[in-house]
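In what follows, a structure is listed as structure tokens, so that the remarks can point back to it.
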Amino acid sequence: MLSSRQRRALRLALHFIAPYRWQALGALLALIVTAGITLSMGQGIRLLVDQGFMTRSPHLLNQSIGLFLLLVLGLAAGTFARFYLVSWIGERCVADIRRQVFNHLIYLHPGFYEGNRSSEIQSRLTADTTLLQSVIGSSLSLFLRNALMVIGGIVLLFITNPKLTSIVVVALPLVLAPILIFGRRVRSLSRLSQDRIADVGSYVCETLGQIKTVQAYNHQAQDEQRFAGTVEAAFDTARKRIVQRAWLITLVIVLVLGAVGVMLWVGGMDVIAGRITGGELAAFVFYSLIVGSAFGTLSEVIGELQRAAGAAERIAELLQSPNEIQAPSTDKARLPQRVSGELALQGLRFSYPSRPERFAIDGLDLHVRAGETLALVGPSGAGKSTLFDLLLRFYDPQQGQILLEGQALTQLDPQDVRRCFALVSQSPALFFGSVEENIRYGNPLATREQVEDAARTAHAHDFILQLPDGYQTHLGDGGLGLSGGQRQRLAIARALLVDAPILLLDEATSALDAQSEHLIQQALPRLMHNRTTLVIAHRLATVKNADRIAVMDQGKLIAIGTHQQLIASNALYARLAALQFSEQEGR
């Protein structure tokens with residue numbers, strides 16, 4: 001019996017093959033034709049021996065050879081059609097699987113990636129789908145073809161000589177038993193092997209992605225040891241799988257060819273006694289070898305199918321990962337094309353899925369007026385960045401609600417919510433591609449003039465023109481090759497181009513040198529103009545001119561007011577201000 005995960009994997013394969021049923025039908029027809037022609041060759045061999053060789057008639061020999069060549073031509077044409085159609089279906093299905101998995105992943109809530117390594121997901125999307133392509137485009141066809149050969153060969157064996165066939169049939173249970181026993185072991189080891197391979201890929205991706213840190217701390221020797229352990233674990237699992245498959249293949253060969261040897265001895269005695277003709281024995285030997293080789297191939301292919309079942313299970317797990325941030329299924333509200341930017345937080349409580357025992361936001365009530373600049377300050381871990389995550393609906397709160405234009409975010413489509421926000425983070429995300437593509441990231445339809453205007457406003461235009469290819473200069477992963485200030489200005493240009501009514505600035509200048517910070521401070525007023533702006537900043541000098549400042553600590557709002565009001569009324573803010581401004585004066 002198939003397990004529930006295996007049934008799910010089978011349904012997954014059938015789901016992706018279903019749209020190409022006509023191609024699959026054509027491949028199946030070609031497969032049946034080629035199997036039938038191959039089996040017909042046994043009768044051709046019988047005629048060749050009995051009517052060509054034994055009669056010593058050139059005419060009958062020519063007829064037999066002519067029939068044989070016709071069968072060869074038919075087999076060649078059928079094999080071409082089968083190979084092309086099956087390979088096409090394999091490539092097409094895997095392309096569809098990769099696209100559907102990726103499309104599912106990019107809409108999954110960020111909490112999903114807290115418990116799943118992105119590098120392992122990447123391995124599933126590449127290595128596992130490549131294995132599926134090999135199976136759908138090759139192994140599955142081989143399995144069906146050899147299954148037909150076994151069934152058709154046994155039927156023709158009975159027709160040719162029931163007595164000799166009984167020897168082969170007696171051997172069949174002996175062949176099937178190891179296939180079933182070892183096949184179960186191969187299946188579990190195949191899934192484990194794919195997991196170990198994913199571990200190898202994950203470790204490589206993680207280490208090479210942080211290569212500067214690795215080398216700065218001279219951590220290469222430790223990484224060599226850890227990677228060696230990961231590789232050896234993958235090898236050990238693969239070795240166990242290979243041993244099981246090797247035993248499977250060996251037993252099948254010994255049992256099948258042993259039965260053929262016994263059959264040849266019995267058949268040879270019958271030919272000597274005149275009970276059967278030499279042609280019948282030759283045909284029987286041919287069918288026996290067909291059945292034996294087909295069984296041997298089946299035992300190998302079953303191992304590949306077991307590996308594919310493991311890969312399909314892993315892919316099915318990704319596709320069935322639920323997205324916890326969903327648009328309401330009924331009565332979905334819609335925001336106006338341009339919102340004013342008014343926000344209200346009511347009784348907000350939230351804890352991250354990985355840390356459910358601690359509230360990152362604990363009973364927060366806050367009203368942000370349209371067009372207001374509100375600064376969020378407080379020590380690390382106060383919940384400021386978490387608040388941005390909730391506003392962007394990366395997570396939904398366990399208690400309370402956030403209202404945008406008077407409508408609860410949980411009653412809105414996440415994409416409808418996010419189009420109202422522009423985010424500039426402390427470490428802006430830049431992508432592999434040109435400078436222009438990165439600025440246009442949030443507004444693909446923007447013109448070149450709009451891109452350049454946004455760059456000028458963000459004080460990025462001059463340094464962009466100094467790059468080797470200007471706006472067409474390709475950036476490395478994460479904007480590799482640009483300074484922190486340059487990356488930040490590109491992020492501001494991108495936010496300007498989006499033209500969203502609500503702006504979220506998360507530590508936008510905290511990691512920059514004085515000159516870069518000065519340039520970005522010049523760009524921010526234009527970016528914040530006529531927008532509701534929430535600013536997270538550790539440097540209080542950057543938020544002194546905010547309309548209001550909200551002081552947060554341990555997920556709670558403990559004070560709100562202007563800079564002067566908070567200096568006078570809130571001890572935490574006064575202490576933070578005293579520390580920072582005294583440091584600046586001492587420089």
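Read the figures in this text as sums done on the coordinates, not as results from a lab. What you see is a predicted model, and the numbers here were worked out from it, not measured in a lab. Neighbour counts are summed over all protein chains in view; Cβ atoms, including those assigned to glycine, are modelled from backbone coordinates with ideal geometry.
How about segment 66-163: which chymotrypsin sites (Phe, Trp or Tyr not before Pro) there lie in a loop by DSSP and see at most 13 other Cβ atoms within 10 Å? Sparse-neighbourhood loop chymotrypsin sites (Phe, Trp or Tyr not before Pro): Tyr107. Kirkwood analysis of segment 343-586, using all unique Cα-Cα pairs, places the hydrodynamic radius at 18.8 Å. The calculated FRET efficiency for His518 paired with Gln399, based on their beta-carbon distance and R0 = 41 Å, is about 0.45.
In this structure, the amide hydrogen of Ile276, modeled 1.01 Å from its nitrogen in the peptide plane, lies closer than 5 angstrom to those of Val271, counting only residues at least 5 positions away or on a different chain.
Just so you know, the Cα atoms of segment 328-467 work out to an Rg and Dmax of 17.9, 52 Å. Segment 249-310 and segment 407-450 have Cα centres lying 65 Å from one another.
In units of the compact-protein estimate 2.2 N^0.38 Å, segment 243-368 shows a Cα radius of gyration of 2.51. Take the Cα of Arg334, step 7 Å toward its Cβ, do the same at Arg575, and the gap between the two points is 5.1 nm. Taking a Cβ cut-off of under 14 Å around Ala18, the surrounding Lys, Arg, Asp and Glu residues balance to a net charge of +2, with basic ones at +1 and acidic ones at -1. Based on the Stokes-Einstein relation at 10 °C and a viscosity of 1.306 mPa s, and on the Kirkwood radius from alpha carbon pairs, segment 228-307 is assigned a translational diffusion coefficient of 106 µm²/s.
Efficiency by 1/(1 + (r/R0)^6): what FRET value for Trp88 and Ile151, r their Cβ-Cβ distance, R0 = 41 Å, to the nearest 0.05? Efficiency at R0 = 41 Å is approximately 0.95.
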